[in-house]
Structure formats: C-alpha cells, structure tokens
Amino acid sequence: MPGDRTWSLVAQTRHGTDLAVACTGPDLPQSIPDETIRPSDVGNHIPWAGVYRLSIKAPIPVFDLYWKPGEPLRILQFSRGDWEQDLMDLGR
C-alpha cells in the first residue's frame, strides 16, 4: 500500500539459518487486536485488506498475521517449529 513502511530484522539462528521478522504498515503499531477471526470465516470476507502485517520467515514463511484497527486479527500462517525457540533466544 502507498505510504507503508517496513520494520525488519534478519538474524542468524543457533542453527545457522536466517530468521527474518518484518512488520509492515503506516507506523509500528503498539498492539494487535484482541479478537481473532475464525479461520473458516476468512474466505467470507473477500475482498479484504489489512493495514498491518507481521511475518516471520525461518527461512520459509512460518508466521503471518494481518489486521486493521477495529477488526479481528487474521492468522494467515502459523507453523510450529524450532523458529519459536530461536525467536525467544533472539529476544533475550
């Protein structure tokens, strides 16, 4: 979207692979919505475009959230794996 900015970080994990975290939107949001749309309902809201997107690649896409203020969060991708601990280690 025009005017969007991306905050991103790429760091090497303890396994030697890259972990890429990115948040795209007009600014860096303070929070995400408390409510989440049911995955089975996502297709009922097409076309739909969010304002913010948070994604993680490790090195393939493993986590992807999409939202806009005042509406439920959409979880587009979530795959469990070693990347979860790698992200925790990176946060320390």
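Could you say whether any residue in the range 38-49 is buried (at least 16 other Cβ atoms within 10 Å of the Cβ) and either free of Cβ contacts under 8 Å to residues at least 40 places away in the same chain or out of contact with any His (no Cβ under 8 Å at 6 or more places or on another chain) (or both)? No, because not a single residue in the range 38-49 is buried (at least 16 other Cβ atoms within 10 Å of the Cβ) and either free of Cβ contacts under 8 Å to residues at least 40 places away in the same chain or out of contact with any His (no Cβ under 8 Å at 6 or more places or on another chain) (or both).
So, in the range 1-35, of the ones that are among the hydroxyl-bearing types (Ser, Thr, Tyr) and within 16 Å of residue 55 (Cα to Cα), which residue ends up surrounded by the fewest Cβ atoms within 10 Å (Cβ to Cβ)? Here the answer is 31. Go through the range 25-57 and report how many residues are among the hydroxyl-bearing types (Ser, Thr, Tyr) and either farther than 12 Å from residue 71 by Cα or at pLDDT below 85 (or both). Residues flagged as among the hydroxyl-bearing types (Ser, Thr, Tyr) and either farther than 12 Å from residue 71 by Cα or at pLDDT below 85 (or both) within the range 25-57 amount to 3.
In summary, residue 6 fulfils each of the numbered conditions (1) within 23 Å of residue 89 (Cα to Cα); (2) modelled with pLDDT of 90 or more; (3) polar (S, T, N, Q) with the single exception of condition (2). In summary, strands (runs of 3 or more DSSP E) completely within the range 18-92 and bearing 2 or more residues that are aromatic (Phe, Trp, Tyr) and under 20 Å from residue 8 (Cβ atoms) occur at 61-67.
Inside the range 69-92, residues that are surrounded by 17 or more Cβ atoms within 10 Å (Cβ to Cβ) and either more than 15 Å from the chain's Cα centre (by Cα) or under 16 Å from residue 24 (Cβ atoms) (or both) make up a count of 3.
The values are calculated or read from the model by the stated rules, or taken from the named source; none is laboratory data. Just so it is clear, the model here is predicted, and its values are computed rather than measured. Backbone-built Cβ (ideal geometry, glycine too); neighbour counts: all protein chains shown.
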